[in-house]
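Please treat every number below as a calculation from the coordinates, not as lab data. Source: prediction; values computed, not measured. Note that we place each Cβ from the backbone using ideal geometry, even for glycine, and neighbour counts take in every protein chain shown.
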Amino acid sequence: MVLCGLSYSYANGLTQSQFDIEVKSIYNEIEASQIRLHQSVDSKQNISLIIQRACEYADALYALERIAQKNIHMAKAKEEALFAKKMRNSFELSFQDLGTSYQKSCKP
């Protein structure tokens, strides 16, 4: 994921173009992690692996929400923040179905 290194522009907000690039990268990670999660569920892999995949997906949603919150001055960022929060809240139900929660099973 592109978010590994913090730059001056990231710490102080991104331009719209930079934001769009970062968001696209995060969406790619969301999609990839969702595919891995579905493959794990469909092939009935070990529950610990399914939870690990669920954590990867949730982490990507958190990354989207974080970057959106840091750039909330942009209208598009506000929309992304709301979307990510709704997705995270909805996905928390999936953790409950697995008998756990994001806070209990995933790294902080």
(request) Return a whole-number percent for the relative contact order of region 14-103, with Cα pairs under 8 Å and 6 or more residues apart as the contact set. (result) 26 percent
(message) Under 20 Å between alpha carbons: how many lysine pairs meet that in region 14-103, if sequence neighbours fewer than 8 apart on the same chain are excluded?
(response) 11
(message) When the expected Rg is taken as 2.2 N^0.38 Å, what fraction or multiple of it is the alpha-carbon Rg of the chain?
(response) 1.13
(request) Count the net charge of all other residues whose Cβ sits under 14 Å from the Cβ of Val23, scoring Lys and Arg as +1 and Asp and Glu as -1. (result) -2
(message) Using DSSP H assignments, which helices in the chain have an axial alpha-carbon span of 20 Å or above and a mean Kyte-Doolittle hydropathy of -0.5 or higher?
(response) 47-70
